[in-house]
């Protein structure tokens, strides 16, 4: 990773911040230059997991940076300036996941992702959500098939179960689509021969 500039973005999954800090430091130790990014919520909210000021200090210490990108205005130049080689979003909440999948740019992190993707450069997303098999399942599937977006999935991780179920859903959906297509072709063929024309198919 020596000589690489990596944007490391944190969103509001506060319970995972402690696990993320060593990863930031490890990337820095490997020779990468870390550009820390925090969503406005992550950068300003005090929780039972720690005060915002404390976490900002930890991020700066782990990254070795002098400042944190925490506004849309600060994140926007990432695109035109081609400032980063890689953007990592860790943790990525379900809320941020949905916004990225839907093309919504209303935070420093979503702006950083959008700006970086315009340069056709990679984004690594580490999901931290409790509704991955709920309403956010469609967003996981959408990003999984998006170009230049990669997801961190580890054995034994909650995400592993998500992908196992999603693969099953996709297989069933494809099978249903194929069966529906065959049925439609058969009906069209029957109608073209005048067989059962006008019947409630």
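Odds and ends about this structure:
- Order by protection proxy (mean Cβ within 10 Å, highest first), peptides 36-45, 134-143: 36-45, 134-143
- Across the range 5-152, the mean sequence separation of Cα contacts (distance under 8 Å, 6 or more residues apart), normalised by length, yields a relative contact order of 26 percent.
- Mean Cβ count within 10 Å, highest first, over the residues of peptides 17-23, 70-76, 48-54, 104-110: 104-110, 70-76, 17-23, 48-54
- The range 5-152: antiparallel DSSP beta bridges as a percent of all, rounded to 5: 5 percent
Every number here is computed from the coordinates shown, using simple stated rules; none is lab data. Remember, predicted model here, so these are calculated numbers, not experimental data. So basically every Cβ, Gly included, is an ideal-geometry build from the backbone, and we count neighbours across all protein chains shown.
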